[in-house]
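The values are calculated or read from the model by the stated rules, or taken from the named source; none is laboratory data. Predicted model, so just to flag it, every value in this text is computed and none were measured. Reconstructed Cβ throughout: ideal geometry from the backbone, glycine too, with neighbour counts over all protein chains shown.
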């Protein structure tokens, strides 16, 4: 009998100690809250406006006025072409206008004289009709001459090539002495507006449908008026210090990629954002009211793929609960169903318990990296 007692005592020494208080586990108390929601989207920086400068008249470049890479205002001169032949064309058109006006005056005087003579039956009706026709033709010649003067003046003005928009001037592709032609294929220089600046974002149509379903179900909403705000992370991992806003959403989904485009606008006074840059954008889409942030370390999946976690029941035992999740935020699952305020979630000591195990809860804290700060007894 003594031998049997020693054998049973030895076998029991390898099992974890059992106490009336139960297995010690780390728990956190859950509290519902309005959880901000956002989505991460890739994006590319594009200029607010781009103007490729081309000449509208033929000529030799006599002067390059602007500074490459510098700021130009709308209407600033960029290039000056040889204007001599265009000045001569203006002078010729103005002389033709004066000649047409003189002819029109003569035709008007002739008509007035013939009308005076017709009152005394000194001229025929045909003569009056011919005089009226001559006056109308002379007036038409005046209007045509005025149009020629305006055209010649426009061509003269176009010998000074000006900036149509304000922005940053790029590299000039021609120098003084070069011959340029009207509406040539190659642009002389390109001007880009960089403040404010646009960022084109891309999202999947499936994600758009999910967001709409959450809005309709009441699990996602906005508490402030106005367009959604956007924060950027640059290519080197640095956060861009100024927030932007969504200004445009494309109404067409790509047939090849199943994505659609969003356009956000950002202030860019220091020209940190340059066209062509790749960025990562965080778009604020609202918040989920009455949701819970459940540490991912406490959640597992059952055979049906449902999210489950252990909780401390009212009688001090471990019980499994199925949770309704709606994505993740950091190291937490966003849970919108299956929980109530004040419930005790088991986050540590999970390897020592199963359904129905009597537990001794010990409050612990979890840092932003999901690591337990207060260790429980092992």
Condition check for residue 142: surrounded by 14 or more Cβ atoms within 10 Å (Cβ to Cβ), farther than 25 Å from residue 154 by Cα and at pLDDT 90 or above: no
Qualifying position, being loosely packed, with under 15 Cβ neighbours inside 10 Å, under 30 Å from residue 24 (Cβ atoms) and out of contact with any helix residue (DSSP H, G or I) (no Cβ under 7 Å at 6 or more places or on another chain), among 291, 304, 314: 314
Evaluation of residue 308 against (1) within 19 Å of residue 37 (Cα to Cα); (2) at pLDDT 90 or above (one fails), failing number: (1)
If you check residue 262 against the conditions, is it buried (at least 18 other Cβ atoms within 10 Å of the Cβ) and in contact (Cβ under 8 Å) with a residue 24 or more places away in the chain? yes
If we keep only residues of the stretch 114-128 that are at pLDDT 80 or above and surrounded by 13 or more Cβ atoms within 10 Å (Cβ to Cβ), then the residue farthest from residue 142 (Cα to Cα) is 117
For the structure I just gave you, tell me whether residue 206 is touching a residue at least 12 places away in the same chain (Cβ under 8 Å), in the same structural domain as residue 228 (by TED's automatic domain parsing) and part of a helix (DSSP H, G or I). yes
Among residues of the stretch 150-164 being surrounded by 17 or more Cβ atoms within 10 Å (Cβ to Cβ) and in a loop (DSSP other than H, G, I, E, B), the residue nearest to the chain's Cα centre (by Cα) is 163
